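These notes are about the structure you will find just below.
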Amino acid sequence: MLTVILTLSTALLALGADVSVPISSHWNGGFQGSACFNIMEEMHSWTVVLTFDQPISSLDVYTADIKETLDGGKVFVLQNKEWNKDEHVGDKLCLDFQGHGSGDINPTVTGSIHAGDSTGAPITAGPGQTLAPTTPRPTVPGQTHAPTTARPTVLFSSDGNKAPLKINSDWGDRFDGEFDFTPSQNVIGWVVNITFSKPVNKMDIIAGDEYSHSADGLNWILINKGDHAFAQAGSSLQVKFFGNYAGGKPAPTGEATLVNMGIDHWSISPAATTDTSKYNYNDVLYKSILFYETQRSGKLPANKRIPYRGDSALGDKGDAGEDLTGGWYDAGDHVKFNFPMAYSTAILAWGYLMYADAYKAAGQDTYLLDSIKWPLDYLLKCHTKPDELYVQVGDGGADHSYWGPPELMTMARPAYKITASKPGTDVAMETAAAFAIGSLVFKNSDPTYSATLLTHAKQLWELGEKHRGIYSDSVQAAAAYYRSYNITDELAWGSIWLYQATNENKYLALAEKYFDPAPAWGMSWDDKTIVNQVMLYKITKDEKYKTAVEDSFKFWFPGGGIPYTPKGLAYRLQWGSLRYSSNMAMAALVAADAGLNADQYRHWAMCQIHYALGDTGFSYLIGFGDKYPHSPHHRASSCPNLPAPCGPFIMSSKEPNVHILYGALVGGPGQSDDYTDDRSNYVNNEVACDYNAGFQTAVAALKSLWLRKEHPEQKGTAQCPFSTGSGNTGSVVGKK
C-alpha cells in the first residue's frame, strides 16, 4: 500500500516543476510558511502539491482546499477555491499555510503547481466527486459576481472531533440519523465530513446544507445553515438529518468529523524593539500597516501577509470599462470612498516625509512605501481623464445590507465620478494632495512614478480650482456617508502640497488666499484647518499662522473649548472619538517640530496617543497589549473560514471576531471613558482607514522623538493625564 501511495505522489509532483518553500517561523507544535509560484500559463483551475520531508499531523491553508493527504502526512494535494480559480501569465500565486505536529518542527518543503486537477485536466466531476451546478451569468460593467467554479469534494482539516452515526429510525430505504459532537472550543461555523458504510443518495439536513458528496454516495460534506453556526465548548452540537439509501435494511453505519471553521491559527508576535519607551512604537507601526493590508481590494500581491484575505472586487469598472480595481475598503464595509482614502494616503505619505527615520528604525520603511503605493496606484486608475475622476466604487446601501467577506460579494458595484460639469473641488484637491506628497516620497527611489504622480496632481488641481463645487452635491451616493461641507480647506491643502512639490508661487498664493485663522474644530478627512495652519507657518514663518496654530491648541487644551473624559481624552465627538484626538495629536507633534511650544505640544500629544495605547488599562488598538477589542464592526475579520456561511447572524452574535484585526484603531470610548466591545456598535467599535492615518503618523513622530532623545519620557515631562504648562502650574485633566 505504501508503494502505491508513493507512486501516486510522485506522479502528482511530476506534473509541475518543484520549488523550494521557505518556512518563515516555527515553534513547539507548529510552523508557518508560504508557497509561491510564478504563473507561466493561463489557468482557470489549479492544483498545488506540497511535499514535506517528515509527516505532519495537520495543515491549515486559507486560500486553497485540501483535496488529499498522502504518504502518511508528507504530501498534501491542494486545489483552488471558488473565488481564486483564475491565474494569468505573469501573476504570482502565494499560499500561506500553518502546519501542526509534535515538538519544534522545521520541515523542508517543496511545492509544484499545474493547471486543472491532479492529472492536469480541468476540474470536472469524476469518481468520488460531485460538482455543484454552475449557471453562466452575464458580465455587467461595474458589477462583480461570486465565481461559479465547479466544486469538488474537499476533505477539510480537522481538530479530531469525531462522532459515530446514530440511527433513530430505519424504514428500509430511508433513515432518521444524527451525529452528536462535543466541541472542545466555541464553534463559529462548521463543516462535517461524513463517511458511510453503504451509499446514501439523498440527505435532508435540519441544521445544515450539503456542500458536496462523492459520486458513490459514501462521502458527504455538510456546512451549517446560517442560524446554526454556533455551539459552546463542552455543549452538544447535533447534526440531525434524514437519509435515503438502496438495498434494504439495515441502514448504513457511519462516522463523521466536525471541523470548527471559527478558529484562526494565524497569529503574530510583537515587533522587536530595543527602546525603553512605555509602549513599543515599532509594534504599533507594524500592526497599523498590517491593518491597511487587510483593507486591500483587488488582485492581492504575492507578498500578501493576511492569510484570510484573498482577491476581491475584480470586476470594479468605470462607465467605459476602465479598470478601477485596487484601493482600500473604507472601514468595516466594502465601499471604496475615495475622499477619505485620498486623505488617509496623504497623511500617511506626509508622515513618511517627516519621520522616515522612525519607519526605518522600526524596520517598516519598505512596508510603509508599499502600503501607500497601493492606494496611489488605484487613485491613478480613477483619474481617467484630465477633467474626470472616479470618486467612489460601490453603493453604500447595497453594501451595508451584506455581511460577509469581500471575496464573495455578488451585489452590483457602480462607480461614480466628478467632471467639469459635475464638480468636486474638495475630492479633486484631496487627491491632488495625495499625488503631490506621493511624488515627493518617491522622487529619489522611483523618479518615473514620481513624475506621473505630479502630472496627475497638477491636472486635478486645475480641475478643482477651475470648476468649483462640493463633490457630494454632484455624487449623491456619497452624501449619506461622506458628505462634504466646504471646499476652502481643501483648496488650501491641495495648493500647499503642489507648492511643496513644484515651488511655483501660484500654488502658495491660492493656499494663503483660503487660509482660515479660526481655531480648528478638529482634524479629519473633511477638515484640514489645523494642518493648513501648521504647514503655512512652516513654509512662511509668518506670525499670523503661528497665532492661528496656537489659538487652535488653546481651544483644544484643558480649559479651552473641548471637553475631556475623566481619564484625560480630549473628547471632540462620540463617533470616532479617538480619531479626532489622535489627529490633533499628530498636528501638535508637527507644530512642535516646526518650533512651536515643543515641550507642551509633545507632552499633550503623547498623552492622547498613550490613552489609545493603554493608559486606561485597555488598548483601543486591536492586537496590541494584553486587553484590546475582539469584536470590531468589520465584516471580513468577523466571518468564519470559508466555506462556512457568514451573514447578519455573525454580526449580531456575541462571539468575538474569528480573525484578529491586527493594528486597527476602533472608534473609541464615550465621554465618561465608557466602552463596550460590541460588533453592532459602529459608532464606537467600527474601524476605518482614516482612523489609523493620523494615529499612525503620530506614533511615527513619537518614535522619531525617541530616536532624537527629545521624547517627553526622556525629558521628564511624561505625566499623564496632561496638565497645562507641561507639568507646571495649570489645570489637571482627570485622574489616574
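The values are calculated or read from the model by the stated rules, or taken from the named source; none is laboratory data. Not measured: the values here are computed from a predicted model. We place every Cβ from the backbone using ideal geometry, glycine too, and count neighbours over all the protein chains shown. Each accessible area value is taken on the protein alone, full model and side chains, heavy atoms only, with ligands, DNA and RNA left out. Shrake-Rupley method; radii C 1.70, N 1.55, O 1.52, S 1.80 Å.
Scanning segment 457-505 for residues that are open to solvent by less than 20 Å² (accessible area, probe 1.4 Å), among the β-branched types (Val, Ile, Thr) and more than 16 Å from residue 437 (Cβ to Cβ) turns up just one, 475. If I filter segment 25-35 down to residues being in contact with a Gly (Cβ under 7 Å, 6 or more places away or on another chain) and at pLDDT 80 or above, which single residue comes out as farthest from residue 307 (Cα to Cα)? The selected residue is 30. Of all residues in segment 204-223, those being closer than 15 Å to residue 255 by Cβ and part of a strand (DSSP E or B) number 4. Counting the residues of segment 435-451 that are open to solvent by 50 Å² or more (accessible area, probe 1.4 Å) and within 18 Å of residue 390 (Cα to Cα) gives 0.
Please work out if residue 699 is aliphatic (A, V, I, L, M) and at pLDDT below 95. When the stated conditions are applied, residue 699 does not pass them. Counting the residues of segment 247-278 that are under 30 Å from the mean Cα position of the chain (by Cα) and outside any loop (DSSP other than H, G, I, E, B) gives 3.
Kindly establish whether residue 285 is of a type in the set (A, V, I, L, M, F, W, C) and either part of a helix (DSSP H, G or I) or open to solvent by less than 10 Å² (accessible area, probe 1.4 Å) (or both). Taking the combined requirement at face value, the residue satisfies it. For residue 608, the conditions (1) in contact with a helix residue (DSSP H, G or I) (Cβ under 8 Å, 6 or more places away or on another chain); (2) more than 19 Å from residue 347 (Cα to Cα); (3) not aliphatic (A, V, I, L, M) are fulfilled apart from (2). Only one of the numbered conditions (1) open to solvent by less than 20 Å² (accessible area, probe 1.4 Å); (2) among the β-branched types (Val, Ile, Thr); (3) modelled with pLDDT under 95 is violated by residue 683, and that is (1). Within segment 616-635, residues that are surrounded by 18 or more Cβ atoms within 10 Å (Cβ to Cβ) reach partners that are assigned to a strand (DSSP E or B) with beta carbons closer than 7 Å, at six or more positions or on different chains, in the pairs 620/665; 621/665; 628/621; 632/686; 633/686.
Do we find that residue 544 is more than 35 Å from the chain's Cα centre (by Cα) and either open to solvent by 10 Å² or more (accessible area, probe 1.4 Å) or charged (D, E, K, R) (or both) in this structure?
Answer is yes for this residue.
Scanning segment 229-246 for residues that are surrounded by fewer than 19 Cβ atoms within 10 Å (Cβ to Cβ) and under 19 Å from residue 204 (Cα atoms), we see that the one that is nearest to the chain's Cα centre (by Cα) is 238. Just one of (1) within 14 Å of residue 328 (Cα to Cα); (2) touching a strand residue (DSSP E or B) at 6+ places or on another chain (Cβ under 7 Å); (3) not charged (D, E, K, R) fails for residue 383. It is (1). For segment 212-228, the set of residues classified as under 19 Å from residue 638 (Cβ atoms) and open to solvent by less than 40 Å² (accessible area, probe 1.4 Å) consists of 223, 224, 226, listed by residue number.
Being in contact with a Leu (Cβ under 6 Å, 6 or more places away or on another chain) and open to solvent by less than 40 Å² (accessible area, probe 1.4 Å) holds for only one residue in 511, 432, and it is 432.
Pairs are defined by a Cβ separation below 9 Å, a sequence spacing of at least 6 or placement on different chains, a first member in segment 182-206 that is under 30 Å from residue 631 (Cα atoms) and touching a residue at least 24 places away in the same chain (Cβ under 8 Å), and a second member that is basic (Lys, Arg) and assigned to a loop (DSSP other than H, G, I, E, B); the pairs so defined are 206/225. The set of residues in segment 506-519 being touching a Gly at 6+ places or on another chain (Cβ under 9 Å) and more than 19 Å from residue 437 (Cβ to Cβ) consists of 519 alone. Taking the criterion of being more than 29 Å from the chain's Cα centre (by Cα), within 29 Å of residue 81 (Cα to Cα) and either at pLDDT below 95 or open to solvent by 10 Å² or more (accessible area, probe 1.4 Å) (or both), the residues of segment 156-177 that qualify are 160, 161, 162.
Cβ-Cβ distances below 9 Å connect the following pairs, each with a first residue in segment 345-359 that is closer than 19 Å to residue 290 by Cβ and open to solvent by 10 Å² or more (accessible area, probe 1.4 Å), a second residue that is modelled with pLDDT of 95 or more and hydroxyl-bearing (Ser, Thr, Tyr), and a separation of six or more residues or different chains: 352/359; 352/697.
Within segment 308-322, the presence of a residue that is part of a strand (DSSP E or B), acidic (Asp, Glu) and open to solvent by less than 40 Å² (accessible area, probe 1.4 Å) is excluded.
Checking the structure you have, find out if any residue of segment 261-278 is open to solvent by 10 Å² or more (accessible area, probe 1.4 Å), in contact with a Ser or Thr (Cβ under 6 Å, 6 or more places away or on another chain) and more than 29 Å from residue 326 (Cβ to Cβ). Among the residues of segment 261-278, not one is open to solvent by 10 Å² or more (accessible area, probe 1.4 Å), in contact with a Ser or Thr (Cβ under 6 Å, 6 or more places away or on another chain) and more than 29 Å from residue 326 (Cβ to Cβ), which makes the answer no. The combined condition, being over 19 Å from the mean Cα position of the chain (by Cα) and in a helix (DSSP H, G or I), is not fulfilled by residue 416. Candidates 479, 520: the one that is of a type in the set (A, V, I, L, M) and free of Cβ contacts under 8 Å to residues at least 40 places away in the same chain is 479.
No other residue among 409, 341 is under 22 Å from residue 632 (Cβ atoms), touching a helix residue (DSSP H, G or I) at 6+ places or on another chain (Cβ under 7 Å) and surrounded by 18 or more Cβ atoms within 10 Å (Cβ to Cβ) apart from 341. Can you tell me which residue among 663, 670, 625, 614 is more than 14 Å from residue 403 (Cα to Cα), assigned to a loop (DSSP other than H, G, I, E, B) and over 20 Å from the mean Cα position of the chain (by Cα)? Answer to the check: 670. Residues that are farther than 26 Å from residue 264 by Cβ and either buried (at least 21 other Cβ atoms within 10 Å of the Cβ) or touching a Pro at 6+ places or on another chain (Cβ under 9 Å) (or both) within segment 40-64 comprise 43, 44, 45, 53, listed in sequence order.
Exactly one residue out of 482, 537, 507 is over 21 Å from residue 458 (Cα atoms), modelled with pLDDT of 95 or more, of a type in the set (Ser, Thr, Tyr) and over 35 Å from the mean Cα position of the chain (by Cα), and it is 537. Annotation note: of 439, 371, 445, the sole residue that is modelled with pLDDT of 95 or more and assigned to a loop (DSSP other than H, G, I, E, B) is 445.
Confirm whether residue 563 is touching a residue at least 60 places away in the same chain (Cβ under 8 Å), surrounded by fewer than 24 Cβ atoms within 10 Å (Cβ to Cβ) and out of contact with any Gly (no Cβ under 8 Å at 6 or more places or on another chain). It is true that residue 563 is touching a residue at least 60 places away in the same chain (Cβ under 8 Å), surrounded by fewer than 24 Cβ atoms within 10 Å (Cβ to Cβ) and out of contact with any Gly (no Cβ under 8 Å at 6 or more places or on another chain).
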